[in-house]
Amino acid sequence: MDEVASVFAERFHRLGYLTVDRTLEAPEWGELIGQVRDRFDGRDVRRGEVEAAYGRPSLVIGKRVLCYASAGSDGWVFFDCFAESQAAYVPGVGRYEYSADEDPLVRDVRIPAGDFESGLILTLYGKVLRWGPGWWIHHPQAGASPTT
């Protein structure tokens with residue numbers, strides 16, 4: 001649901017109904033867009049690394065979708081972070097304690113593109129969630145040789 005809200009947030013911002021905390025000027029935007037595929041495609045990256053590299057997001061939706069808005073009309077970039085809760089049995093107490101990752105992994109990045117699939121970049125974690133641990137067999141990296 002947060003992903004859908006992020007799409008609406010971008011539209012509302014363009015229409016002037018939503019003010020965001022920060023927008024990225026051309027140099028910052030160019031750096032983000034220019035590096036995003038190499039930096040995130042098929043790699044595990046944490047939310048803290050995104051914020052360290054690109055600064056405070058323009059908007060955060062549901063504590064997990066980081067939105068970075070261009071100061072121009074270039075669109076937005078979205079980082080979808082997903083914190084899995086982990087359960088651990090507490091000996092002698094007879095119950096489980098649940099905890100969530102404080103610095104969750106990024107599952108995917110959405111960038112401005114002509115269609116959804118072209119703009120979707122899955123991290124390694126995202127590929128495993130989408131296709132399972134053997135994802136690389138049926139979904140090899142772009143440019144992989146037939147032998148690989």
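The values are calculated or read from the model by the stated rules, or taken from the named source; none is laboratory data. What you see is a predicted model, and the numbers here were worked out from it, not measured in a lab. When we count neighbours, we look across all protein chains shown, and the Cβ atoms used for this are built from the backbone with ideal geometry, even at glycine. For accessibility, only protein heavy atoms count, side chains too; no ligands or nucleic acids. Shrake-Rupley method; radii C 1.70, N 1.55, O 1.52, S 1.80 Å.
Brief remarks on what is shown
- Of all residues in region 119-143, those that are among the β-branched types (Val, Ile, Thr) and at pLDDT 90 or above total 2.
- Taking (1) in contact with a Ser or Thr (Cβ under 7 Å, 6 or more places away or on another chain); (2) closer than 20 Å to Phe8 by Cα in turn, Gln86 satisfies each apart from (2).
- Checked against the criterion of being open to solvent by 60 Å² or more (accessible area, probe 1.4 Å), within 25 Å of Met1 (Cβ to Cβ), touching a helix residue (DSSP H, G or I) at 6+ places or on another chain (Cβ under 9 Å) and at pLDDT below 90, the candidates Phe82, Phe116 yield just one match: Phe82.
- In region 26-64, the residues that are closer than 19 Å to Ser118 by Cα, open to solvent by less than 60 Å² (accessible area, probe 1.4 Å) and in contact with a helix residue (DSSP H, G or I) (Cβ under 6 Å, 6 or more places away or on another chain): Leu32, Gly42
- Wholly within region 50-100, strands (runs of 3 or more DSSP E) carrying at least 2 residues that are within 30 Å of Pro27 (Cβ to Cβ) and within 21 Å of the chain's Cα centre (by Cα): 59-61, 65-70, 76-82
- Gly94 open to solvent by 80 Å² or more (accessible area, probe 1.4 Å), out of contact with any strand residue (DSSP E or B) (no Cβ under 9 Å at 6 or more places or on another chain) and either more than 18 Å from Asp2 (Cβ to Cβ) or in contact (Cβ under 8 Å) with a residue 40 or more places away in the chain (or both): no
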